Amino acid sequence: MELLEERIRRDGIVKEGNILKVDSFLNHQMDVELFTQMGKEFKRLFGDRPINKILTIEASGIGIAVITAQEFHVPVVFAKKAKSVNLEGEMYMTKIESFTHKRSYDVIVAKKFLSSEDHVLIIDDFLANGCAVNGLIDLIQSAGASVEGVGIAIEKGFQPGGQLIRDKGIDVESLAIIESMDARSGEIVFRKS
Ligand code: 5GP
């Protein structure tokens, strides 16, 4: 998506450790007009699927998921990061390894918000090693629901997550895929679509 690539080139900051900082428009301050265009693009890409729910993970996926949900006219559920409390019975739970924070945590979704009737589109801001998306897939499968696809704003194509999830036969659509980036020069190269 040209508009997103341009914005990443203009305002994205490449940090050491393969981190792209996009907090001026994506995951701290949020450019809602850009999100609206992204939501329309996800609708174009997944509009033929019988999606009745969008699933994301707190916190940075929520904004994009909400705007996308307006295009699909479906509710958004976000997986919550949980303290280790005994919620068994009422919740689906999975473990996610955080790429940015280098630690693992439990995430939960209340069983009443995910059922075998659901056809779910996963939305998130980044795809890196795939742990967050894999955790969301795990929650959906625990509920016996269907994964209709995965919509990502920025995929770091030089990390293995995209390949891992596509190899499961799941349709992953990323609006911008970064082929390489360099913290010293600040150069960002996008994969040609
Ligand atoms: P994964 O689980 O695929 O390794 O990483 C995805 C999650 O880590 C995303 O939900 C995102 O919040 C965070 N993340 C991964 N890479 C980056 C990055 O380069 N920049 C930012 N800002 N967040 C990232």
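The values are calculated or read from the model by the stated rules, or taken from the named source; none is laboratory data. Small disclaimer: the values here were computed from a predicted structure and weren't measured. Cβ placement follows ideal geometry from the backbone for every residue including glycine, while neighbour counts extend to all protein chains displayed. Surface accessibility is based on the protein's heavy atoms, side chains included, excluding ligands, DNA and RNA. Shrake-Rupley method; radii C 1.70, N 1.55, O 1.52, S 1.80 Å.
Quote the relative contact order of region 105-192 in percent (integer), defining contacts as alpha-carbon pairs under 8 Å separated by 6+ residues.
Dividing the mean separation by the residue count of region 105-192 yields 26 percent.
Net charge within 15 Å of L127 by Cβ-Cβ distance, Lys/Arg positive one each and Asp/Glu negative one each, not counting L127 itself?
Charge balance near L127 sits at -4.
Cβ under 15 Å from R191's Cβ, R191 left aside: what net charge do those residues give with Lys, Arg +1 and Asp, Glu -1?
Taking every Cβ under 15 Å from that of R191, the sum is -2.
Picking from E71, E16, E58, which is most flexible by a Gaussian network model of the chain using Cα springs under 10 Å?
Top of the fluctuation ranking is E16.
Mind checking which lysines have their Cα closer than 17 Å to the Cα of K15? Skip sequence neighbours fewer than 8 apart in that chain.
Counting by Cα, and skipping residues close in sequence, K15 has these lysines nearby: K102, K156.
Would you mind computing Rg(Cα) / (2.2 N^0.38 Å) for the chain, counting N as its residues?
After normalising by residue count via 2.2 N^0.38 Å, the value is 0.99.
Connecting C-alpha atoms closer than 10 Å in a GNM of the chain, tell me which of D124, D31, D48 has the biggest fluctuation.
Looking only at D124, D31, D48, the largest GNM fluctuation is found for D48.
If you place +1 on the Cβ of every Lys and Arg and -1 on the Cβ of every Asp and Glu, how big does the dipole about the Cα centre of the chain come out, in debye to the nearest 20?
The calculated dipole for the chain is roughly 320 debye.
GNM, the chain, Cα, under 10 Å: largest mean-square fluctuation among T68, T56, T36?
Highest fluctuation of the listed residues: T36.
Helix by helix through the chain, keep the DSSP H runs that span 18 Å or more along the axis on Cα and average at least -0.5 on Kyte-Doolittle, and give those back in order.
Span-like helices, by this rule, are 32-46.
Compute the relative contact order of the chain as a whole-number percentage, counting only Cα pairs closer than 8 Å that sit 6 or more residues apart in sequence.
19
Please calculate the 1.4 Å probe accessible area of H28, with all protein chains present, and give it to the nearest 10 Å².
140
Report the label-to-label distance for D23 and R44 in nanometres (one decimal), using points 7 Å from each Cα along the Cα→Cβ vector.
Result: 3.2 nm between the two label points.
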